[in-house]
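Engineer: First the structure, which I've put down as structure tokens, then a few questions once you've had a look.
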2 protein chains.
Amino acid sequence: MRPVAILGIGQTIIDEHWDKSLREIAGEAAFAAMQDSGVEHPEGLFVGNMLSPLIGGQNQLGAFIADWVGMWRAEAVKIEAACGSGGAAFRAGLMAVASGEMDSALVVGVEKMTDKAGHDVTAALATAADADWELEQGISFVGLNALVMRRYMYEFGWKHGDFAPFSINAHANAMHNPYARLHNKITVEQFEKSAMVATPINLLDASPIGDGAAAAIIVPAEQVSTHPSRPRIVVAGSGAATDTLAVHSRKDPLFLTAAYLSSKQAYQMAGVGVDDIDVFELHDAFSIMSALSLEACGFAERGQAPRLGLDNQIQVAGGRIPICTRGGLKARGHPVGATGMYQIVEVVQQLRRECGKTQVDGAKIGMAQNIGGSGATILTHILKAG
Amino acid sequence: MRPVAILGIGQTIIDEHWDKSLREIAGEAAFAAMQDSGVEHPEGLFVGNMLSPLIGGQNQLGAFIADWVGMWRAEAVKIEAACGSGGAAFRAGLMAVASGEMDSALVVGVEKMTDKAGHDVTAALATAADADWELEQGISFVGLNALVMRRYMYEFGWKHGDFAPFSINAHANAMHNPYARLHNKITVEQFEKSAMVATPINLLDASPIGDGAAAAIIVPAEQVSTHPSRPRIVVAGSGAATDTLAVHSRKDPLFLTAAYLSSKQAYQMAGVGVDDIDVFELHDAFSIMSALSLEACGFAERGQAPRLGLDNQIQVAGGRIPICTRGGLKARGHPVGATGMYQIVEVVQQLRRECGKTQVDGAKIGMAQNIGGSGATILTHILKAG
């Protein structure tokens with residue numbers, strides 16, 4: 001397959017967009033990416049979305065969005081892998097171009113979650129877990145993550161407060177991202193005292209839902225020139241893997257096997273190792289997921305990821321592996337099916353050096369990891385500048 | 001891209017499978033395809049499904065089914081394009097193998113629709129239409145098709161009874177398909193007198209819902225040998241296109257532009273013309289859709305497709321273009337997200353000469369066309385024996 005590059009990106013502010021429909025926010029991100037790239041008529045459209053059938057009463061988002069953005073005749077489909085939908089759609093789009101099937105693909109991750117009451121959204125999000133074997137027990141999706149976090153703390157001897165740096169870092173970085181959902185710095189004290197959701201996960205361990213869309217235009221790398229002011233962003237590595245859907249079926253519920261496998265595939269394809277990654281947009285739906293992701297991808301030993309936070313190694317300024325540089329799921333927000341595309345867009349921003357106060361100095365190689373369910377579907381992408 | 005072949009197929013009987021879960025029927029078809037092909041560990045899984053979030057409370061069917069069939073670590077995603085989901089998943093699977101990304105892909109179309117009451121299913125199916133601009137008017141999906149049929153009858157001067165041959169042919173063929181949902185022959189009188197659903201569509205114009213799964217294993221064509229007793233089935237052509245989601249947005253609501261475009265792409269890729277197609281599994285969700293599909297693909301002039309039925313040209317025995325040879329959506333059944341894969345499986349059966357009393361003599365080239373919504377997403381595939 002031929003190398004591909006990301007020629008344009010677009011995103012909307014993540015918020016409660018009660019005044020805009022799903023097609024409008026998808027269009028806003030798509031048109032921004034088209035304008036950024038100069039590609040007005042992409043040949044194919046790949047949409048990442050999880051909840052539109054349940055919350056918006058709308059299926060067939062491929063044709064739906066193609067229609068809205070003026071791609072009436074193009075190929076268009078929706079890819080769904082729960083909260084991993086955006087990353088899965090990105091992978092489908094890059095395969096379409098890398099294979100030679102088309103010369104340009106638009107990928108849009110979109111989610112509109114705030115049109116329904118919170119309990120309806122909680123029920124809809126739970127469809128990411130195993131309906132027959134997990135949900136039938138009455139557990140919510142937060143509850144599943146809480147069991148994992150509690151076990152992790154017990155196994156490796158961490159206190160709840162040891163996870164604070166993950167959320168503090170995310171909130172601090174989001175202050176400088178105009179597209180972020182939350183713009184408030186938080187302290188260790190606030191982290192410790194915030195309202196409990198499902199012990200030990202409290203409000204500041206958990207990412208907020210929101211409405212949002214993010215998009216990218218993918219083209220063959222050979223069609224993109226590189227300039228000092230705007231480096232070419234190549235998709236150097238891509239990996240996809242699955243794990244058991246139900247957490248209880250895993251041999252080790254504290255290890256994200258699919259993150260390990262998909263990152264390994266991406267490292268190999270890109271010809272890089274963990275030490276080469278300058279910036280990592282990971283899937284911090286809950287603070288425990290930051291830890292598990294860092295460990296599975298090789299940034300920390302088993303059970304030791306909280307140490308990275310406590311030692312200031314996840315920060316933009318001087319950190320060994322800056323994460324959530326635009327706010328992460330925790331503070332940029334988590335419009336579930338769109339999140340994977342926000343991560344891609346943010347890594348592109350880093351490699352283009354467009355991140356202002358949260359710019360990682362000299363960032364040349366960035367990684368994005370998008371997780372569906374409690375680790376069942378994981379997509380890892382490595383982008384390179386130049 | 002390299003040529004690919006279908007090495008194995010599997011399917012379940014379409015029925016009200018109240019005693020089986022979605023994962024069980026998906027597994028039944030998947031295991032049958034694996035056994036038929038001898039491929040025990042496909043490298044990727046592509047699932048076509050439309051309604052599982054709405055009817056089964058289950059998302060992330062990629063990981064869900066990968067888990068159940070023992071593909072725990074493989075790449076796995078779900079593709080959704082309303083009733084075109086099965087065909088879209090097939091196209092994703094064939095791209096994955098054709099591109100060289102993987103050497104074997106399992107594609108499963110699956111739908112479980114009968115666990116909910118009929119009005120819930122009707123509401124769920126309506127998510128294939130435009131929620132904001134069609135459904136808000138209170139129309140159902142059958143209602144939309146009824147408007148199209150009524151206009152077609154008015155424009156081209158056909159009576160309702162002129163559509164009878166489409167349904168009679170489908171029911172007659174299903175008599176010989178053990179996997180079909182319905183096993184009853186029907187007459188012109190029954191067709192004319194059956195209960196009205198949405199004028200002019202009555203019960204015998206409409207396909208029945210059902211629970212079912214169909215699957216195929218795709219591999220590089222060069223890895224498959226051909227024998228007189230079991231010819232190699234190559235995917236010679238593949239096309240995908242979209243139209244506006246809402247019927248009222250179309251310049252001509254009686255022409256399936258996406259069927260025209262996707263069949264043209266498939267003909268070109270396969271290097272064949274409409275006269276070369278020996279058998280055509282089309283998307284007869286309603287009898288009017290048979291007519292529109294035949295016209296858009298070049299088998300009949302505009303407004304003249306009912307003539308093919310009245311002149312006995314759609315029959316297996318001596319027909320110019322045999323359609324719905326295993327019963328079609330009308331009598332084999334229409335488990336929506338699975339239908340596109342049933343069509344692929346049935347074309348393979350024809351090219352392998354496994355169809356007994358509905359075998360098309362000397363069938364070498366077969367076509368399958370899968371439609372999402374009222375023509376918004378259309379996938380066309382051409383398979384060749386040898």
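The values are calculated or read from the model by the stated rules, or taken from the named source; none is laboratory data. These numbers come from a predicted model, not from an experiment. Cβ: placed from backbone, ideal geometry, glycine included. Neighbour counts: every protein chain shown.
Engineer: Does A:Glu136 fit the bill of being in contact with a Pro (Cβ under 9 Å, 6 or more places away or on another chain) and of a type in the set (Asp, Glu)?
Structural biologist: So A:Glu136 does not fit the description; no.
Engineer: On to the next question. Any idea how many residues of segment B:294-315 are within 17 Å of B:Glu155 (Cβ to Cβ) and of a type in the set (S, T, N, Q)?
Structural biologist: 1
Engineer: Looking at segment A:274-286, I want the residues that are within 16 Å of A:Gln343 (Cα to Cα) and have a partner that is among the basic types (Lys, Arg) and part of a helix (DSSP H, G or I) with Cβ atoms under 9 Å, at least 6 apart or on another chain. Which pairs are those?
Structural biologist: From segment A:274-286, the pairs are A:Asp284/A:Lys330; A:Ala285/A:Lys330; A:Phe286/A:Lys330.
Engineer: Scanning for something surrounded by 24 or more Cβ atoms within 10 Å (Cβ to Cβ) and of a type in the set (Ser, Thr, Tyr), does segment B:264-278 turn up at least one residue?
Structural biologist: no
Engineer: Here's another thing I want to ask about it. Here's a check for you: in segment B:61-75, which residue that is over 24 Å from the mean Cα position of the chain (by Cα) and more than 7 Å from chain A (Cβ to nearest Cβ) is nearest to B:Leu125 (Cα to Cα)?
Structural biologist: Checking each candidate, the answer is B:Trp68.
Yes or no, residue by residue, for (1) more than 27 Å from A:His17 (Cα to Cα); (2) out of contact with any Pro (no Cβ under 8 Å at 6 or more places or on another chain):
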{"site": "A:Ala74", "(1), (2)": "yes, no"}
{"site": "A:Val77", "(1), (2)": "no, yes"}
{"site": "A:Ala88", "(1), (2)": "no, yes"}
{"site": "A:Leu94", "(1), (2)": "yes, yes"}
{"site": "A:Ser99", "(1), (2)": "yes, yes"}
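Engineer: Here is a follow-up. Do you know which residues across segment A:287-297 are in contact (Cβ under 8 Å) with a residue 40 or more places away in the chain and assigned to a helix (DSSP H, G or I)?
Structural biologist: A:Ser287, A:Ile288, A:Met289, A:Ser290, A:Ala291, A:Leu292, A:Ser293, A:Glu295, A:Ala296
Engineer: Please specify each residue of segment B:173-185 satisfying the condition of being under 12 Å from B:Lys357 (Cα atoms), among the aliphatic types (A, V, I, L, M) and either at pLDDT below 95 or buried (at least 20 other Cβ atoms within 10 Å of the Cβ) (or both).
Structural biologist: B:Ala174
Engineer: With the requirement that a residue be among the polar types (S, T, N, Q) and away from chain A (no Cβ under 14 Å), what does segment B:100-131 give you?
Structural biologist: B:Ser104, B:Thr114
Engineer: Out of the residues in segment A:132-147 meeting the condition of being buried (at least 23 other Cβ atoms within 10 Å of the Cβ) and out of contact with any strand residue (DSSP E or B) (no Cβ under 8 Å at 6 or more places or on another chain), tell me which one is modelled with the highest pLDDT.
Structural biologist: A:Leu144
For every residue, the table says whether it meets (1) of a type in the set (Lys, Arg); (2) surrounded by fewer than 21 Cβ atoms within 10 Å (Cβ to Cβ); (3) farther than 25 Å from B:Val274 by Cα; (4) within 14 Å of chain A (Cβ to nearest Cβ).
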{"position": "B:Pro165", "(1), (2), (3), (4)": "no, no, no, no"}
{"position": "B:Phe191", "(1), (2), (3), (4)": "no, no, yes, no"}
{"position": "B:Ala195", "(1), (2), (3), (4)": "no, yes, yes, no"}
{"position": "B:Thr199", "(1), (2), (3), (4)": "no, yes, yes, no"}
{"position": "B:Gly212", "(1), (2), (3), (4)": "no, no, yes, no"}
{"position": "B:Ala215", "(1), (2), (3), (4)": "no, no, yes, no"}
{"position": "B:Arg232", "(1), (2), (3), (4)": "yes, yes, no, no"}
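Engineer: If you don't mind, another one. Modelled with pLDDT of 95 or more and either at the interface with chain B (Cβ under 9 Å from one of its Cβ atoms) or buried (at least 24 other Cβ atoms within 10 Å of the Cβ) (or both): which single residue out of A:Gln35, A:Gln11 fits that description?
Structural biologist: After applying the criteria, what remains is A:Gln11.
Engineer: I'd like the full set of residues that are modelled with pLDDT of 95 or more and outside any loop (DSSP other than H, G, I, E, B), limited to segment B:99-120.
Structural biologist: The answer is B:Ala105, B:Leu106, B:Val107, B:Val108, B:Gly109, B:Val110, B:Glu111.
Engineer: One residue is enough: does segment A:298-321 have a residue meeting the conditions free of Cβ contacts under 8 Å to residues at least 60 places away in the same chain, under 30 Å from B:Val69 (Cα atoms) and within 14 Å of chain B (Cβ to nearest Cβ)?
Structural biologist: There is no residue in segment A:298-321 that is free of Cβ contacts under 8 Å to residues at least 60 places away in the same chain, under 30 Å from B:Val69 (Cα atoms) and within 14 Å of chain B (Cβ to nearest Cβ).
Engineer: Evaluate the following for B:Glu301: is it out of contact with any Pro (no Cβ under 8 Å at 6 or more places or on another chain), in a helix (DSSP H, G or I) and of a type in the set (Asp, Glu)?
Structural biologist: Answer is no for this residue.
Engineer: May I pose another question? Taking the criterion of being part of a loop (DSSP other than H, G, I, E, B) and more than 27 Å from A:Thr12 (Cβ to Cβ), would at least one residue in segment A:347-362 satisfy it?
Structural biologist: Yes: one or more hits.
Engineer: Residue by residue through segment B:33-87, note down the ones that are free of Cβ contacts under 8 Å to residues at least 60 places away in the same chain, charged (D, E, K, R) and closer than 23 Å to B:Ser262 by Cβ.
Structural biologist: B:Lys78
Engineer: Right, next: Answer yes or no as to whether A:Trp18 is surrounded by fewer than 24 Cβ atoms within 10 Å (Cβ to Cβ) and within 14 Å of chain B (Cβ to nearest Cβ).
Structural biologist: So A:Trp18 does not fit the description; no.
Engineer: Right, another one. Mind listing whichever residues of segment A:38-60 are within 14 Å of chain B (Cβ to nearest Cβ), over 20 Å from the mean Cα position of the chain (by Cα) and β-branched (Val, Ile, Thr)?
Structural biologist: Selection gives A:Ile55 alone.
Engineer: Taking B:Asp252, is it surrounded by fewer than 21 Cβ atoms within 10 Å (Cβ to Cβ), within 14 Å of chain A (Cβ to nearest Cβ) and of a type in the set (Asp, Glu)?
Structural biologist: yes
Engineer: Just for segment A:80-105: of the residues that are out of contact with any helix residue (DSSP H, G or I) (no Cβ under 6 Å at 6 or more places or on another chain) and hydrophobic (A, V, I, L, M, F, W, C), which one is nearest to B:Ala63 (Cα to Cα)?
Structural biologist: The selected residue is A:Ala88.
Engineer: Further question on the same structure: Can you list the strands (runs of 3 or more DSSP E) lying wholly within segment B:173-245 that have 2 or more residues being touching a residue at least 12 places away in the same chain (Cβ under 8 Å) and farther than 20 Å from B:Asn370 by Cα?
Structural biologist: Answer list for segment B:173-245: B:196-198, B:212-220.
Engineer: Hey, among the residues in segment B:106-137 that are among the small types (Gly, Ala, Ser) and in contact with a helix residue (DSSP H, G or I) (Cβ under 9 Å, 6 or more places away or on another chain), which one's farthest from B:Gly86 (Cα to Cα)?
Structural biologist: B:Ala131
The rows are residues; the columns are (1) in contact with a strand residue (DSSP E or B) (Cβ under 9 Å, 6 or more places away or on another chain); (2) buried (at least 18 other Cβ atoms within 10 Å of the Cβ).
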site	(1), (2)
A:Glu301	no, no
A:Gln304	no, no
A:Ala317	no, no
A:Ala331	no, yes
A:Gly340	yes, yes
A:Gln343	yes, yes
A:Arg353	yes, no
A:Asp361	no, no
A:Ile365	yes, yes
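Engineer: Now a separate question. Please determine, by comparing only the residues of segment B:76-92 that are in contact with a Gly (Cβ under 7 Å, 6 or more places away or on another chain) and in a helix (DSSP H, G or I), which one is nearest to the other protein chains (Cβ to nearest Cβ).
Structural biologist: If we take residues in segment B:76-92 being in contact with a Gly (Cβ under 7 Å, 6 or more places away or on another chain) and in a helix (DSSP H, G or I), then B:Ala88 is nearest to the other protein chains (Cβ to nearest Cβ).
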